[in-house]
1. For the stretch 163-179, which residues satisfy the criterion of being crowded, with 17+ Cβ neighbours inside 10 Å and closer than 14 Å to GLU19 by Cβ?
2. Report, ordered by the first and then the second residue, all pairs with beta carbons closer than 6 Å, sequence separation of six or more or different chains, a first member in the stretch 194-213 that is closer than 21 Å to LEU110 by Cα, and a second member that is assigned to a helix (DSSP H, G or I).
3. Among LEU189, LEU196, LEU211, which is at pLDDT 90 or above and among the hydrophobic types (A, V, I, L, M, F, W, C)?
4. Give all pairs with beta carbons closer than 7 Å in which a residue from the stretch 156-179 that is farther than 17 Å from PHE204 by Cβ meets a residue that is loosely packed, with under 13 Cβ neighbours inside 10 Å; count only pairs at least 6 apart in sequence or on separate chains.
5. What residue, of GLY72, GLY55, GLY78, is of a type outside the set (A, V, I, L, M), out of contact with any Phe, Trp or Tyr (no Cβ under 9 Å at 6 or more places or on another chain), surrounded by fewer than 20 Cβ atoms within 10 Å (Cβ to Cβ) and free of Cβ contacts under 8 Å to residues at least 24 places away in the same chain?
6. Looking at this structure, is THR155 surrounded by 17 or more Cβ atoms within 10 Å (Cβ to Cβ), out of contact with any His (no Cβ under 7 Å at 6 or more places or on another chain) and modelled with pLDDT of 90 or more?
7. I'd like to check which strands (runs of 3 or more DSSP E) are fully inside the stretch 1-102 and have at least 1 residues that are touching a Gly at 6+ places or on another chain (Cβ under 6 Å) and farther than 17 Å from THR123 by Cβ.
8. So which residues in the stretch 61-75 are among the hydrophobic types (A, V, I, L, M, F, W, C) and either farther than 14 Å from VAL34 by Cα or more than 18 Å from the chain's Cα centre (by Cα) (or both), if there are any at all?
Amino acid sequence: MNDNRNYKYSENSLSKRDEFEAIIKLVKKGSSVVDLGSGDGTLLKILEGRKKVRGLGVEISPSGVRAAKKKGIKSIVGKIDTKLPFKNKEFDYAVCNVTLQMVMYPEVLLGEMKRISKKQIITFPNFAFILNRLDLFINGVMPRVMIPTYKWYSTGHIHQLSIRDFEVFCKKNGIRVLKTAHIGPGRFLSLPSKFLINIFPNMFATLGIFLTD
């Protein structure tokens, strides 16, 4: 049975994700970046190469930290939804890429990101995507589109938030949204146009990308 609650990376692990390019565009050259939930360190490796950042990864999986270090990335083992061992505004950017929905206390994570960095980059799957809605409406089961190959009981996606949920959270908690970007589905036969994704992201985007401060 597939289970994504305990990631195990090979030492030569190399991640490829659609949102990497959007994140890279948001980061200024020469800045300091802490990647919270950094996995195998691929994103930081790219940022260090292309944007000359000073990077640090924090990852709960020891195998992810080992994979990052093999790439030459500074990385430590640790939880990210708790008090973090960093000073106020120690980093220019704190990044949390598709991990917010997997931690027990996302509100703590977001608060700590705001405390330790000048700007924050947060990405997460949009569980309000139209095919998720249809799966629940037609089949009467927890939506499976955003967790392919996993079951409701074998996934670490414990907080299934939407783009609208995140926007409401930001307003209520004094988090200012500076920029947004959205990624649409790439594996379905009938794709909504970029126009629909931009106008109705909460329905047609599969991933939300936010730059906040």
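The values are calculated or read from the model by the stated rules, or taken from the named source; none is laboratory data. Keep in mind that what you see is a predicted model, and the values were worked out from it rather than measured. We place every Cβ from the backbone using ideal geometry, glycine too, and count neighbours over all the protein chains shown.
1. ILE163 - this is the single residue of the stretch 163-179 that is crowded, with 17+ Cβ neighbours inside 10 Å and closer than 14 Å to GLU19 by Cβ.
2. Taking only residues 6 or more apart or on different chains, the pairs are ASN202/ILE163; ASN202/ARG164; GLY208/ILE163; ILE209/ALA22; LEU211/LEU26.
3. Numbers: LEU189 fails: at pLDDT 90 or above; LEU196 fails: at pLDDT 90 or above.
Just one listed residue meets the conditions, LEU211.
4. Close Cβ pairs satisfying both conditions: GLY156/ARG5; ARG176/ASP213; LEU178/ASP213.
5. Going through GLY72, GLY55, GLY78 in turn, just one is of a type outside the set (A, V, I, L, M), out of contact with any Phe, Trp or Tyr (no Cβ under 9 Å at 6 or more places or on another chain), surrounded by fewer than 20 Cβ atoms within 10 Å (Cβ to Cβ) and free of Cβ contacts under 8 Å to residues at least 24 places away in the same chain: GLY78.
6. The answer is no for THR155.
7. Working: elements: 32-36, 54-59, 75-77, 91-97.
In the stretch 1-102, 75-77 are the strands (runs of 3 or more DSSP E) which contain 1 or more residues that are touching a Gly at 6+ places or on another chain (Cβ under 6 Å) and farther than 17 Å from THR123 by Cβ.
8. The answer is ALA67, ILE73.
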